[in-house]
Amino acid sequence: EAHWAYLCWGSMLSELSDTEGAIEKFERAIEIKPDFSLPYVHLAWAYEEVGQTDAAIATFKKVIALEPENVWRRNNLAWLYFDNDMPEQADSVYQDIFNTMNLEGFTKADVASSWAEMKLQDDNIAEAKRIIDEYVDEYSENVFSYLIRGVATFAEQDTSAALELLENAFELDPGHPGSIGANMGFNLMVKRYDRVVHFFEDADWSEISEGNRMNNYNQAAMAYNFLEQHDSAQAVIQRAIAIDPDQAFPYTTLAETYFFKGARDTCFHYLELALEMGFDPDDFNLDTPPYPQLAQTLEFQRLMDKYQADRGQLKN
C-alpha cells in the first residue's frame, strides 16, 4: 500500500506548507500506481499553489481521464481555468458537461449553480440567470439558484419578486453566507429595516466567516438605529468591532449610534477614529440620517476638510 502512504505523506507536507515536498510525494504515489486518481487531484492543486498553472491543468485532465463520470473533477478544472483568466475554456468545460453527461436533479442544479456563480463573479448577471433558468428545475431548487434569480430580478426592478426569491434561499439554508448577506443587504437597501433585523436574528451564524459576520452585524446595527432601537444597535456593532478592532467601518456605525443617543462628543470621537484608521470621507452618505444633521455641525465640517485634504495629498 505504498501509494496510500505517499499520498498521506504528501497531504501532511501540504498542511505544513511544504508544497514542493508534497509535490514530490504525490508524484511518487503516481509513479507507484498510475491509475490511482487521488494523488493527481492533490498534485494539481499543489502545482496551482506554486504557480505551475499549465501543469495543474494537465494533471486535472489526467484525473478526468481516470474518473470520466465524476462531474466534480470537471467542475474543478472549470474553476481552475476561471481563476487563471481563461473564462472561455471554463465555459467549454461546462458546455461539455451538459452535452455529454446525463445529470439529473440536485446534481444538475448544483453544477449549474457553480457555473452561474462563475458568471456572477464576472458581473454577468443575465448569463447567470440564463444558466439557472435552463438547467435548474423547480423541484431541484437550491440556495444559489434562488440567489441568482433574486439578484437578476432586482436588476429587472421587480423588487417584491426579488425579495421573495431571496427569502426562499434563506428558508432553504439560514446558515448560507450568501442567503444571509443578500437578504440583509437588499432589505437594508429598500429600507425594510424590520426584515433586516428578522434575518439577523433568525440566521445560523455557526459557519459564517468573521469578515461576513462583521459586515452583517454592521448592517443589523444600522437597521436597529433606523428602528430607533439604539441600545440593540450599540450591542451588535460592538460585537462587530470585537471581531477585528482594526477595521474602520464599524466605528462609523458606532458613532452614528452615539449621535442618535444624544452623546455628540462620543460620536465625533469615533468618527475621527474611523477616519484615522483609513475610512474614506467620501463614503459617508450625506443623504442618510444622521448625516444631514451632522453635516450642519462645525465639528463634522472640520473633520471632512481635514481628512479629505489628507487623502488628496496621498493620491497626489
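The values are calculated or read from the model by the stated rules, or taken from the named source; none is laboratory data. Keep in mind the model is a prediction, meaning the values are calculated, not measured. Here Cβ is always computed from backbone atoms with ideal geometry, including for glycine, and neighbour counts include all displayed protein chains. These accessible areas exclude ligands, DNA and RNA; they are computed on the full protein's heavy atoms, side chains included. Shrake-Rupley method; radii C 1.70, N 1.55, O 1.52, S 1.80 Å.
Here are a few things to note about the model shown:
- So Ala274, is it farther than 22 Å from Ser209 by Cα and crowded, with 19+ Cβ neighbours inside 10 Å: yes
- Cβ-Cβ distances below 6 Å connect the following pairs, each with a first residue in region 114-125 that is touching a residue at least 40 places away in the same chain (Cβ under 8 Å), a second residue that is hydrophobic (A, V, I, L, M, F, W, C), and a separation of six or more residues or different chains: Met118/Phe82.
- Any pair with Cβ under 7 angstrom, 6 or more apart, that starts in region 205-220 at a residue that is crowded, with 18+ Cβ neighbours inside 10 Å and modelled with pLDDT of 95 or more and ends at one that is part of a helix (DSSP H, G or I) and polar (S, T, N, Q): Asn218/Thr253
- Residue count, region 193-204 (criterion: open to solvent by 60 Å² or more (accessible area, probe 1.4 Å) and part of a helix (DSSP H, G or I)): 3
- In the set Ala55, Ala65, Ala44, only one residue is within 27 Å of the chain's Cα centre (by Cα) and either touching a residue at least 60 places away in the same chain (Cβ under 8 Å) or under 23 Å from Asp91 (Cα atoms) (or both); that residue is Ala44.
- Apart from one condition, Phe170 fits all of (1) surrounded by 18 or more Cβ atoms within 10 Å (Cβ to Cβ); (2) under 21 Å from Asp283 (Cα atoms); (3) touching a residue at least 24 places away in the same chain (Cβ under 8 Å); the exception is (2).
- Within region 248-299, being in a loop (DSSP other than H, G, I, E, B) and either touching a strand residue (DSSP E or B) at 6+ places or on another chain (Cβ under 6 Å) or closer than 19 Å to Ala223 by Cβ (or both) holds for Lys261, Phe284, Asn285, Asp287, Thr288, Pro289, Pro290.
- Selection of region 221-271 for residues being among the small types (Gly, Ala, Ser) and either more than 26 Å from the chain's Cα centre (by Cα) or open to solvent by 30 Å² or more (accessible area, probe 1.4 Å) (or both) yields Ser232, Ala235, Ala242, Ala255, Gly262, Ala263.
- Complete set of residues in region 20-73 that are open to solvent by less than 20 Å² (accessible area, probe 1.4 Å) and within 18 Å of Asn84 (Cα to Cα): Val41, Leu43, Ala44, Ala46, Ala56, Ile57, Thr59, Phe60
- Looking across region 216-247 at every residue that is in a loop (DSSP other than H, G, I, E, B) and charged (D, E, K, R), the one that is nearest to Arg192 (Cα to Cα) is identified as Glu228.
- Hey, Ala78 within 25 Å of the chain's Cα centre (by Cα) and surrounded by 15 or more Cβ atoms within 10 Å (Cβ to Cβ) or not: yes
- Selected residue (criterion: nearest to Pro87 (Cα to Cα)) from residues of region 128-141 that are of a type outside the set (Asp, Glu) and at pLDDT 85 or above: Ala128
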